[in-house]
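Reviewing the structure listed below.
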Amino acid sequence: MKICGVVGGMGPEATALFYMKLIKQFTHTKGYPPILMYSVPEPFQVADSFLQCNQGGHLLRELVLEGIQIIQNKVDFCVIPCNTAHIYIHEIREVSKVPLFSIVEETCRHLAAHKIKKVGILATAATIESHLYTRPLYENNIASILPSTYQQAVVSEIICRLVKGEKLESDKMALLAIIENLKQMDAECVILACTDLPILLSQSDTSFPLIDTMDILAEVAKNAIIGEYNVSNTLSTA
């Protein structure tokens, strides 16, 4: 089996959830896989300013790059269970000595394969403002349906609380209300395009289809570990 490197910590509980999702992919196999994880030391004030105001991203980029450099000589490929960090995917790939899977690319590939044409997006303000999902979705002929400005502010505040370990039932209700609104705007499903959101919200909370980007990344990582995914496809200098 190939060794999977994980650069996480944005936030820690989301990374722990990703680890468990990946491990569960091997429950009915001959054994558990080799995984090497690095959790970045992300200051709360940096998380707050970047997730809500799209400021301080340079520090997030440097933290992720440091993590890649620390583990890359001991793994066969890497994943980053944080959507927002993928704003810097091209810069990170230029530095990485090993293939790096993109949670965004894999999610868009998944949606295209399932012939989805309209999708709602719940993500950080930084992810939305950088067009991290809307651009590749458009290139795959998939329309993005976004929350209103007010709703986006609510989502960002909820994500910041989740990063700090705060899980409120009122926040779950707010997210479900926003999802209902996206459904009324003709979304066929909603992407949980922030890996902190599944800490609070899962498919069991609603009958409307949710796309958990961590589930997609975990499956891709599993296939790469057992050699059923061409990791060379993840190398890029674009």
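Top to bottom by accessible area (1.4 Å), largest first, where do K117, K222 land?
Numbers: K117 110, K222 40 Å².
In descending accessible area the options line up as K117, K222.
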Segment 136-155 versus segment 63-97: alpha-carbon centroid distance in Å: 26 Å
Give the long-range amide H neighbours of I211: residues separated by 5 or more places, or on another chain, with amide H under 5 Å away, using H modelled in the peptide plane at 1.01 Å from N. V190, I191, L192
Hits in segment 188-231: amide N under 17 Å from the 7 Å Cα→Cβ extension of K30, namely 223-228
Karplus-derived HN-Hα couplings along segment 203-210 (A = 6.51, B = -1.76, C = 1.60, θ = phi - 60°), whole Hz, x at Gly and Pro: 4, 5, 8, 7, 7, 7, x, 10
Leaving out ligands, DNA and RNA, and with a 1.4 Å probe, what % of the accessible surface on segment 161-235 is carbon or sulfur? 46 percent
Aspartates and glutamates within cross-link reach of K97: Cα-Cα under 19 Å, excluding same-chain residues under 8 positions apart? E62, E66, D76
If you plug each phi of segment 177-192 into the Karplus form 6.51 cos²θ - 1.76 cosθ + 1.60 with θ = phi - 60°, what whole-Hz ³J(HN,Hα) values come out, in order, with x for Gly and Pro? 5, 5, 4, 4, 5, 5, 4, 5, 8, 6, 5, 7, 6, 10, 7, 7
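Measuring with a 1.4 Å probe in the full set of protein chains, what accessible area per residue, in whole Å², belongs to the chain? Intermediate results must be reported in sequence, preceding the final value.
Values: 10720 Å² over 238 residues.
Here the per-residue accessible area is 45 Å².
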What nm value, rounded to one decimal, do you get for the distance between K74 and E105 when each label is placed 7 Å out toward the C-beta? 2.6 nm
Over segment 141-238, what is the relative contact order in whole percent, taking alpha-carbon pairs under 8 Å and six or more residues apart? 22 percent
Using amide H atoms built 1.01 Å from N in the peptide plane, name the residues 5+ places from G5, or on other chains, whose amide H lies under 5 Å from its own. L36, D76, F77, C78, V79
For I145, distant residues with modelled amide H under 5 Å away: V119, G120, I121
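The values are calculated or read from the model by the stated rules, or taken from the named source; none is laboratory data. Treat the numbers as computed from the prediction; the structure is a model and nothing was measured. Heads up, the Cβs are rebuilt from the backbone with ideal geometry, glycines too, and the neighbour counts pull from every protein chain shown. SASA here: full protein model, heavy atoms, side chains in, ligands and nucleic acids out. Shrake-Rupley method; radii C 1.70, N 1.55, O 1.52, S 1.80 Å.
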